[in-house]
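Novice: Starting off with a structure, shown below.
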Amino acid sequence: MPSQRNSEAGPSKKPRLHENHRDPSADVTLISNDNVELKASSFYLSRVSKFFEDAFNLPLPSSGTGKCRDPICLDFSQETISIFLDMVLIPKPYLKKYIEDIKSFEKLKNLLLLVEFILCDDNLITSILNAIKSIGEKEPMNLLKFAEERNDISMAQQAISSLYTVIPKHNEYVSDAASNARRTQTLKSLADKWEKIKLDFSKLSPEYQSELFIMTLLRCHTRNAPSRSSTSIGSNFNQDDWASIGNSFDPSKHMKSKIPQIKSDGHYIESPDFDFDIIPTGRRRHGRG
């Protein structure tokens, strides 16, 4: 995002030149929030971004030696801006492959925030979103937190439906016959997994935490019907269980409206023995502009 340096903080440190994006013939200078200067072409930038297209249509300021553009400060890291500048040079037939080859959830997330801010083409934004959702199947807690930040219920539902990929399974626990060394190693690995899940869960808002916890309890209620065996929370859930929880997840709706969506043995659960009045209705959240 465009930013201005605080003149009251004293003279700012001169930005260092990026190791790759440093072409002296480039007519645009971008300054990252970690004080790196990146050179770019106004032709390529205006071709993919409405923000830059409009900015470059403004009259150039005059200077003693001719005309030049002022540097544009963006509130994004040099890494994110560099990925974007590489991307704008990719021919369209190879653009999707380039995006899919970015195997970092954090890098894709920051790239999406940048291209949305500078008003890039909807097709480009959709390609990055799809890549984020694809990686999110293996990093569902990261996807869930990002969905909450964007107030994107559909993305949140997809993230929860993919929790089966990270929740330790019941068959991961070792038997009594296992050696002490193997038992110790396995239990430590499981403990680390649960600590990571607990940490990620704590980063969610109270609304998301409450919704996910209660929907999980309700799923346990349906699985603990007389015809089903007892189920511990999470560790014995399969892909269908998490898909059911994900499909019903929506903190903006009252819990009563979600009960008919939860099935047990092919039948709808009309009203479990539960006092819904003690469950606060989720508050609607506004997306970030």
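Novice: Given the conditions (1) under 20 Å from Glu100 (Cα atoms); (2) polar (S, T, N, Q); (3) touching a residue at least 24 places away in the same chain (Cβ under 8 Å), which single one is not true for Asn130?
Specialist: Among (1) under 20 Å from Glu100 (Cα atoms); (2) polar (S, T, N, Q); (3) touching a residue at least 24 places away in the same chain (Cβ under 8 Å), the lone unmet condition for Asn130 is (3).
Novice: Let me ask something else about it. Taking the condition of being surrounded by fewer than 16 Cβ atoms within 10 Å (Cβ to Cβ), of a type outside the set (Gly, Ala, Ser) and out of contact with any strand residue (DSSP E or B) (no Cβ under 8 Å at 6 or more places or on another chain), how many residues in region 118-149 meet it? Even if it seems obvious, please write down each step before you answer.
Specialist: Going residue by residue through region 118-149, those that are surrounded by fewer than 16 Cβ atoms within 10 Å (Cβ to Cβ) are 119, 121-123, 125-126, 130, 134, 137-138, 149.
Okay, now just the ones that are also of a type outside the set (Gly, Ala, Ser), so 119, 121-123, 125-126, 130, 137-138, 149.
Narrowing further to those that are out of contact with any strand residue (DSSP E or B) (no Cβ under 8 Å at 6 or more places or on another chain): 121-123, 125-126, 130, 137-138, 149.
Total satisfying the criteria: 9.
Novice: Can you name the residue in region 218-256 that is crowded, with 16+ Cβ neighbours inside 10 Å and assigned to a loop (DSSP other than H, G, I, E, B) and, of all such residues, is modelled with the lowest pLDDT?
Specialist: The selected residue is Thr231.
The values are calculated or read from the model by the stated rules, or taken from the named source; none is laboratory data. Source: prediction; values computed, not measured. Backbone-built Cβ (ideal geometry, glycine too); neighbour counts: all protein chains shown.
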